[in-house]
Ligand SMILES: *[C@@H]1O[C@H](CO)[C@@H](O)[C@H](O)[C@H]1NC(C)=O
Ligand SMILES: *[C@@H]1O[C@H](CO)[C@@H](O)[C@H](O)[C@H]1NC(C)=O
Ligand SMILES: *[C@@H]1O[C@H](CO)[C@@H](O)[C@H](O)[C@H]1NC(C)=O
Ligand SMILES: *[C@@H]1O[C@H](CO)[C@@H](O)[C@H](O)[C@H]1NC(C)=O
């Protein structure tokens, strides 16, 4: 038999052990509760719970997904309209003249009878908050109701944010639309040709439709002086998946949520068109290759006859666009 003193010590020890066990259990449960609460909090605040990549904030890194706030919104723009086509046009805060010319040319919502077209300009925050500029934007918005402004800073490398937030807008406020086109402000857009070709799509092609000027087997540019420089740490691959030039691409609106869903997993890169390609690749959506003449990333010399058979041409200043457009409207009927 052990001496009585030892029995007491052992008994004390086991009581202590029990206490420790209970404490450990309590701590464990507390931690469980905490992590459940954190998880719910993250889910609720859409601070993008299932992101699989990290943000080392370098000059080529982008803060997306993120809940950017609306400074100016048009939540009822599509209400009871079932638009056939929504034009998503990125512009800078100061590009007032360009917006006005687009409103009178290819962005004219009532140009094509019986086809509902919606035109929207997407704008971020001016880098320097110049009061008159913001005030002017708000006045412009109250006249035309075609401006969506979110609170990210305007910059070339934030164009991906601009595109992705315009897709968010589509998914949130216009999911019933048939097609959308992201088109730059310095483009000529033959909108009648575009609408005609969309109306003529066959049924299999219309499913998961995405088209534009395609880039297939395109390699990342590793030259630091290039406008399209891609650092290896941002995109290590040898080849981009197929993508369409950001100057103008067209898609069926019902793939918007698939691109957005992919963006929760696919690390954002600052070349917005390449990024859309990465998301399409993830979502297993194939690009539809259009006829050669349709989408032009270069400038095609203006000539009414030639322009009847194309959808986009690049490098148009607002004034040149206005002049060409007037001529095109006169001549297109012949
Ligand atoms: C838009 O097009 C319609 C039909 O051609 C025309 O009547 C209207 O004046 C145009 N609107 C603008 C702002 O140019
Ligand atoms: C892009 O926008 C974010 C959010 O406003 C900002 O923090 C970041 O500095 C911007 N990037 C550039 C290069 O301006
Ligand atoms: C997606 O949108 C296109 C164009 O409106 C439509 O023809 C197609 O049926 C839609 N697909 C699905 C699965 O809803
Ligand atoms: C996409 O294209 C690939 C290669 O051409 C093909 O194998 C695949 O079935 C296509 N996917 C869809 C969804 O059409």
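The values are calculated or read from the model by the stated rules, or taken from the named source; none is laboratory data. Just so you know, these numbers come straight off a predicted model, no measurement behind them. Note: ideal-geometry Cβ built from the backbone for every residue, glycine included; neighbour counts use all protein chains shown.
Inspect region 228-244 for any residue being surrounded by fewer than 18 Cβ atoms within 10 Å (Cβ to Cβ) and closer than 30 Å to residue 317 by Cβ and give the result as yes or no.
yes
Kindly indicate which of 73, 82, 69 is within 17 Å of residue 126 (Cα to Cα), surrounded by fewer than 15 Cβ atoms within 10 Å (Cβ to Cβ) and touching a residue at least 24 places away in the same chain (Cβ under 8 Å).
Numbers: 73 fails: surrounded by fewer than 15 Cβ atoms within 10 Å (Cβ to Cβ); 82 fails: within 17 Å of residue 126 (Cα to Cα).
Checking each option against the conditions leaves just 69.
So that you can scan it fast, the table gives a plain yes or no per residue for (1) within 16 Å of ligand 2 (Cβ to nearest atom); (2) closer than 28 Å to residue 170 by Cα; (3) without any contact (Cβ under 8 Å) to a residue 24 or more places away in the chain:
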{"residue": "234", "(1), (2), (3)": "yes, yes, no"}
{"residue": "239", "(1), (2), (3)": "no, no, yes"}
{"residue": "266", "(1), (2), (3)": "no, yes, yes"}
{"residue": "283", "(1), (2), (3)": "no, yes, no"}
{"residue": "287", "(1), (2), (3)": "no, yes, no"}
{"residue": "292", "(1), (2), (3)": "no, no, yes"}
{"residue": "295", "(1), (2), (3)": "no, yes, no"}
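Tell me which of these residue 275 doesn't satisfy, since it passes every other one: (1) within 30 Å of residue 203 (Cβ to Cβ); (2) within 16 Å of ligand 2 (Cβ to nearest atom); (3) assigned to a loop (DSSP other than H, G, I, E, B).
So the condition that residue 275 fails would be (3).
Within region 286-325, take every residue that is closer than 16 Å to residue 183 by Cα and within 16 Å of ligand 1 (Cβ to nearest atom) and give me the one that is surrounded by the most Cβ atoms within 10 Å (Cβ to Cβ).
Checked region 286-325; the qualifying residue surrounded by the most Cβ atoms within 10 Å (Cβ to Cβ) is 321.
Looking only at residues that are out of contact with any helix residue (DSSP H, G or I) (no Cβ under 9 Å at 6 or more places or on another chain) and in contact (Cβ under 8 Å) with a residue 60 or more places away in the chain in region 194-210, which one is nearest to ligand 1 (Cβ to nearest atom)? Steps first, answer last, please.
Taking region 194-210 and keeping what is out of contact with any helix residue (DSSP H, G or I) (no Cβ under 9 Å at 6 or more places or on another chain), we get 194-197, 199-205.
Now restrict to residues that are in contact (Cβ under 8 Å) with a residue 60 or more places away in the chain: 194-195, 197, 205.
On the way: 194: 16, 195: 14, 197: 20, 205: 29 Å.
Going through the qualifying residues, I end up with 195.
Which condition number in (1) without any contact (Cβ under 8 Å) to a residue 24 or more places away in the chain; (2) away from ligand 1 (no atom under 16 Å from the Cβ) is the one that residue 123 fails?
That leaves (1) as the condition not met.
Taking residue 271, is it buried (at least 16 other Cβ atoms within 10 Å of the Cβ) and more than 20 Å from residue 209 (Cβ to Cβ)? Let's see the steps before the verdict.
Numbers: buried (at least 16 other Cβ atoms within 10 Å of the Cβ): yes; more than 20 Å from residue 209 (Cβ to Cβ): yes.
Considered against the rule, which asks whether it is buried (at least 16 other Cβ atoms within 10 Å of the Cβ) and more than 20 Å from residue 209 (Cβ to Cβ), residue 271 comes out as yes.
Out of everything in region 136-157 that is in contact (Cβ under 8 Å) with a residue 60 or more places away in the chain, more than 16 Å from ligand 1 (Cβ to nearest atom) and outside any strand (DSSP E or B), what residue ends up being surrounded by the most Cβ atoms within 10 Å (Cβ to Cβ)?
By that ranking, first place goes to 137.
Let's see how each residue does on (1) within 16 Å of ligand 4 (Cβ to nearest atom); (2) in a loop (DSSP other than H, G, I, E, B); (3) under 28 Å from residue 83 (Cβ atoms):
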| site | (1), (2), (3) |
| --- | --- |
| 239 | yes, yes, no |
| 244 | yes, no, yes |
| 260 | no, no, yes |
| 269 | no, yes, no |
| 284 | yes, yes, yes |
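Considering each of 262, 283 in turn, give the residue that is within 16 Å of ligand 3 (Cβ to nearest atom), at pLDDT 95 or above and surrounded by 17 or more Cβ atoms within 10 Å (Cβ to Cβ).
Within the list 262, 283, the selection yields 283.
Of all residues in region 96-135, which are part of a helix (DSSP H, G or I) and either modelled with pLDDT under 95 or in contact with a strand residue (DSSP E or B) (Cβ under 6 Å, 6 or more places away or on another chain) (or both)? Full working, then the answer.
Initially, region 96-135 is screened for residues part of a helix (DSSP H, G or I), giving 96-104, 131-135.
Hits for region 96-135 are 99, 131, 132, 133, 134, 135.
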